[in-house]
Structure formats: C-alpha cells, structure tokens
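The values are calculated or read from the model by the stated rules, or taken from the named source; none is laboratory data. The structure displayed is predicted, hence computed values, not measured ones. Every residue, glycine as well, gets a Cβ built from its backbone with ideal geometry; the counts of neighbours run over all protein chains shown. Each accessible area value is taken on the protein alone, full model and side chains, heavy atoms only, with ligands, DNA and RNA left out. Shrake-Rupley method; radii C 1.70, N 1.55, O 1.52, S 1.80 Å.
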Amino acid sequence: MKKKNMAMVSLIMAGTLVISACGSSSAPVETTAAAASAETPAASQADKAPAQDVVTIQIGFENTTEEPIGKAVEKWAELLEKESGGTMKLQLFPNSALGSKSELIDQMIMGENIITIADGAFYADYGVPDLGILYGPFFFDNWDQVWKLLDSEWYHTECGKLADKGLTVLASNWVYGERELMTKTKVVTPSDIKGQKIRLANSQIYVEGFNALGATAVPMALGDVYTSLQNGTLDGVENPLSTLYGQSFQEVSKNILMTGHILNFTTWCIGTDYLNTLTQEQQELLFATGEEAGLYNNELQEAAKEDYRKKLEDAGVTFTELTDEERALWKEASLSFYEKGSQFGWSQGLYDTVKAAVQ
C-alpha cells in the first residue's frame, strides 16, 4: 500500500513553483514558465509578512474532525505551529462552518487568508477545465494509475495554469478514498439508479458525471444531506465510507453499492495572491507541513477503511459488491460523459491524452 502514500506536492523554492512526487522521484520537476512567473511575486513581497508576526490562516472543510481527513488537518495545524516556532497557525473550521467550498474559493481568489480542500472538478469551474477529467466516473481502474498521473508532466503543467488563475495547490498527496454510492433502496446496475435524486458536490463535473449514469444529480452542501435523506428530498449520496459514516448517513440510508466510481485523491489550495504576501520561509513551511500531514492522512485512511465498513454494517447497512459484468455496465454508461468534453471546455483529445499518461 505504499503507492497510496505517493503524491504530488507543490514547493516554492526561490520564488519558483516546484512540484515533486513524494516517494516516486528524487528529482523535482518544474512547472511551465507561466507557473513559475505566477510565483515570482512571492520573493518581491517577502517583507509583507515579517517572520516575528503570528500569521493565522483559516482552513475550511466540509468533513468532521472525527474523520481521518479531519484528524489529519489537526495534525497539519500542529506541525505548522511547531515548525514555525509558533509564528504560523491554522484555524480550523470543519463541517462547512466557514462556508461552502465554492464560497471559500471565491473568497480565496479575492485574497482572503483561507485554505480549503478541493479537487479537479472544482478547479475546472475556476479556469482550468482539463483537470476536471480526473473526477469523471470510472476514469481510473486502480490507484497505481492515479499516482502515475500525478507524477506526470501533464499534471505539473495544469497546476501551473491553476496558479495563474489565482489558486495554488499546496499538496496533492491526500487520499480521500474510493467514492461509493449510498442509497435508500438497493441499486446494482445503472438502470436501477435511473431518475433517483443523488447528492453531488456543487460542481459541473460531478453533476454531469452522475447525470450521465442515469441519476438526477442534486448539488448540495454536505451538511444539508442528512435532513434531505431523512425527508425524502434525496434518494442517495456518494462519498468514501469514512465520510458516509462520519456524517451519520447510516441512520437514514441503509444500502451501499461499492462502485469505487472515483478514486479520489484530493488537494488543498490557497489563494495565490494571499500566498504571495507570506515570506518565502513561511510559504515553504506551509507546503512542507501540508505534505507531511498528507502522509499521516493516508495512513489513517488505510487503517480506517475496513473499520468504517464494519461500523456501517453494525448499523444495519447492506453492502453490495459489483461483479465484473456489472462494473462493465457502469463503465459503459459513463462513456457518454467523456463524449461531452467540448461542453466542459476540455482540450481536443484530452481523454486519450490522459488515458495514455496512466498506462
């Protein structure tokens, strides 16, 4: 399972954005010149945040602190405060307490001192559409393909484009988990989900991906899902087991289909403008501790996976595993999503380009 700890991590060195593959490459790989130029202001503005001042950065996320990813964020806060000698602190806002992901990203682009968890599906909505393909349904066959792609020149280049758009990726090495489908009634094949109202994060990629599978996708903040499942506004929700359990959805929904439809690595991002107000040393600490906390997260995720399944089963949830033939039906249904590339603003031939990069 060492591959699950491999990751792409952005590091700012001497004003240049550098992305390395943790555990898979000894030599860092530089992004495009455009990405480097996006970080150049960091050096020129290094005096804006004197090292002796206490820098407090808000970090908002939709998970609880009982989930592995929430515990890892707490670890990140501990690491940053320790490594900075108490001059840098993360102020945690779990369970969407600081606002929705989209609201936070909008504030970050405007220069607010915020970090949030996001992925390519959201980055697609903020000016780098090609990253969205990584979060389409049934794109990856296994985690080895994920890590190989994150170690590719293609991914490095896309992160550079994102920095130019106002969002800098701090760490990409956080496993979020395999996203599974939880429903109030049992489903096995795409025909079973036809017309069912399934909660998705508020992103075009996620929404259109599940619409392609036959569902009626309903974008909604995670904090509103429990009540919506309870009152019948929703028929289901998708997320890793840790999140499904952490949100107590087992109390109002009793079926999980192990689709693994998205092998979900996630990233933490910060507004490029705000990042550039920090000193070079502060930036490096932020990147390095984010990477270290990511490795801790991955250990927690691996250890917790079976534990969460048992907890869900003990709560009365029925699990269904897909046969090879049933999985093939889901993958076939997903192809109509990838045929809509022009609708998402994808580059010509993107599907083939990225598929080739993971082989």
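Inter-label distance, LYS355 to THR227: 4.4 nm, where each label sits 7 Å from its Cα along the C-beta direction. Under 5 Å between amide hydrogens, built in the peptide plane, is the criterion, and for SER172 it picks out MET8, VAL9, SER10 among residues at least 5 positions away or on other chains. Relative contact order of the chain: 26 percent, from C-alpha pairs under 8 Å at least 6 residues apart in sequence. Over the Cα atoms of the chain, the radius of gyration divided by the Kirkwood radius equals 0.96; this is the Rg/Rh ratio. The tail of the calculated P(r) for the range 135-177, taken as Cα-Cα distances beyond 11 Å, holds 72 percent of the pairs. Using the Cβ-Cβ distance between GLU325 and LYS82 with R0 set to 35 Å, the FRET efficiency works out to roughly 0.10. Calculation over all alpha carbon pairs of the range 228-339 in 10 angstrom steps from 0 returns a P(r) of 11, 29, 28, 21, 11, 1 percent.
Averaging the Cα positions of each part gives two centres, and for the range 287-309 and the range 143-211 these lie 18 Å apart.
Protein heavy-atom accessible surface, 1.4 Å probe, per residue over the chain: 39 Å².
For the range 257-264, backbone phi angles converted through the Karplus equation (6.51, -1.76, 1.60; θ = phi - 60°) give residue-by-residue couplings of 9, 7, 7, x, 5, 9, 8, 9 Hz, Gly and Pro being listed as x. Each semi-axis of the equivalent ellipsoid for the range 74-155 is √(5λ) with λ an eigenvalue of the Cα gyration tensor; in descending order they amount to 28, 19, 12 Å. Normalising by residue count, the range 280-359 has a Cα convex hull of 221 Å³ per residue. Two decimals is fine: what is log10 I(q)/I(0) at q = 0.16, 0.17 Å⁻¹ for the range 147-297, from a Debye sum with one equal scatterer on every Cα and no solvent? Evaluating at q = 0.16, 0.17 Å⁻¹ gives log10 I(q)/I(0) of -0.95, -1.02.
The label-point distance for GLU332 and ASP144, in a model that sets each label 7 Å from Cα toward Cβ, rounds to 2.7 nm. Among GLY316, GLY260, GLY166, the largest mean-square fluctuation in a Gaussian network model of the chain, built with springs joining Cα atoms closer than 10 Å, belongs to GLY316.
For the chain, a simple Cβ point-charge model (Lys and Arg +1, Asp and Glu -1, everything else neutral) yields a dipole of about 560 debye relative to the Cα centre. Specify the longest stretch of the chain that does not include any exposed loop site, a site being one of the trypsin sites (Lys or Arg not before Pro) with a non-H, G, I, E, B DSSP assignment and at most 16 other Cβ atoms within 10 Å. Maximal segment without exposed cleavage sites: 1-164.
Shown for the range 200-309: the carbon plus sulfur share of the solvent-accessible area, taken with all protein chains present and a 1.4 angstrom probe, equals 45%.
Per-residue ellipticity at 222 nm, computed for the chain from helices alone with -39500 (n - 2.57) per DSSP H run of at least four residues, works out to -12500 deg cm²/dmol. Given their separation in residues at 0.36 nm each and the Cα-Cα distance between them, LYS165 and LYS186 gain 3.3 nm when the chain is fully extended.
Placing R0 at 25 angstrom, the Cβ-Cβ distance between LYS194 and GLU306 gives a FRET efficiency of 0.20 after rounding to 0.05.
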